Amino acid sequence: MLVSMKDMLNNAYHEHYAVGQFNINNLEWVATVLKTAKENRSPAILGVSGGTIKHMLGFNTIHAIVKNAMDYLDIDVPIALHLDHGQSYESCFAAINAGFSSVMFDGSHLPFAENLEITKRIVDYAHKRGVSVEAELGTIAGSEDGIVNSQVIYADPHQCLTMVKETNVDCLAAALGSTHGLYKGKAKLGFNEMQHISNLINIPLVLHGGTGICDEDMLHAISLGTAKINVNTENMYTWCVAVGKLFAEQKDHDINDPRKVINHGLNPVAEKITERMKLFGSVNRY
């Protein structure tokens, strides 16, 4: 069954590893993440972005697909179904009511007082239903699902402490230099700021924009209290490259089975996910 992120992230936080959030895009993507998690005995978080909600025909459809896929594949490792970058309390409530086990409210674009108030409201609603909540402070640069931020704004430590104390959120995405999408050059994370915030709040930190961050920096972030790392762009890019190569190599032959095309692209994605799980230290935890 689906579980909230609370226990899996607290375990990771205290044992100094991280759980990967791997965003899903369709039925086959769901199956790939689930099977890879089971094979590696690793917990996993299925991330659902705003664009995916529309593409997969709504919260209820997504929940039904994930739940039935887990039953069909006999999944016996912890899996969370998580709304990524929820933009309003209405969207978070809708996800919770549909059966999602975790939600993120991204109020980072709002004045702090408003972000705090809405997060508090969502946490109260979610926790009564056994659902975990992720909050965000600061600005993560880059583009995701049409949401574009041109610059990084580091999270304010005192706001982070207030957010955690007053809302009781389960984890915090504190912007500290990561970027959504493909990087141009090397990502520069603020490790001193990360250490300071981690020591203040004493709950799991979340690292968004995992694509393009070098392995050494990811491991450093984990050592400083990061227990959830989001990986999406590199998986989508890997799928596109594999499928593009397939069509280029077979341009003189008919390719008429979309199921085979989709799964062809997902084979290297499964390998990427396994690499990330091993790097994060989440393999053989369950």
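The values are calculated or read from the model by the stated rules, or taken from the named source; none is laboratory data. Keep in mind the model is a prediction, meaning the values are calculated, not measured. Neighbour counts are summed over all protein chains in view; Cβ atoms, including those assigned to glycine, are modelled from backbone coordinates with ideal geometry. Side chains are part of the model used for accessible areas, which takes the heavy atoms of the whole protein and leaves out ligands, DNA and RNA. Shrake-Rupley method; radii C 1.70, N 1.55, O 1.52, S 1.80 Å.
Please specify each residue of the stretch 1-16 satisfying the condition of being open to solvent by less than 40 Å² (accessible area, probe 1.4 Å), under 15 Å from ALA126 (Cα atoms) and in a helix (DSSP H, G or I).
The answer is MET5, and nothing else.
Please go through the stretch 267-286 and give me each residue that is within 18 Å of the chain's Cα centre (by Cα) and either within 15 Å of ARG41 (Cβ to Cβ) or open to solvent by less than 30 Å² (accessible area, probe 1.4 Å) (or both), ordered by number.
Within the stretch 267-286, VAL269, ALA270, ILE273, THR274, ARG276, MET277, LYS278, PHE280, GLY281, SER282, VAL283 qualify.
Consider only pairs whose beta carbons are under 7 Å apart and that are at least six residues apart or on different chains; among these, list those whose first residue lies in the stretch 220-232 and is over 20 Å from GLY47 (Cα atoms) and whose second residue is in a helix (DSSP H, G or I).
Note: pairs meeting the criteria are HIS220/PHE191; ALA221/MET194; LEU224/PHE191; LEU224/MET194; LEU224/GLN195; LEU224/SER198; GLY225/TYR13; GLY225/SER198.
Yes/no matrix, rows are residues, columns are (1) small (Gly, Ala, Ser); (2) without any contact (Cβ under 8 Å) to a residue 60 or more places away in the chain:
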position	(1), (2)
GLY190	yes, yes
SER198	yes, yes
ASN202	no, yes
ASN263	no, no
LYS272	no, yes
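Under 9 Å between Cβ atoms, at least 6 apart or on separate chains: pull out the pairs that start in the stretch 125-139 with a residue that is among the basic types (Lys, Arg) and end on any residue that is in a helix (DSSP H, G or I).
Here the result reads ARG129/ILE96; ARG129/ASN97, each pair linking the stretch 125-139 to a residue that is in a helix (DSSP H, G or I).
Name the pairs whose Cβ atoms lie under 8 Å apart, with the first residue in the stretch 4-16 and on the phi > 0 side of the Ramachandran plot, the second of a type in the set (Gly, Ala, Ser) and part of a helix (DSSP H, G or I), and 6 or more positions between them or separate chains?
The qualifying pairs are HIS16/SER223.
Looking at GLU90, GLU39, GLU28, can you tell me which residue is acidic (Asp, Glu), surrounded by fewer than 22 Cβ atoms within 10 Å (Cβ to Cβ) and closer than 19 Å to THR119 by Cα?
Working: GLU39 fails: closer than 19 Å to THR119 by Cα; GLU28 fails: closer than 19 Å to THR119 by Cα.
The conditions single out GLU90.
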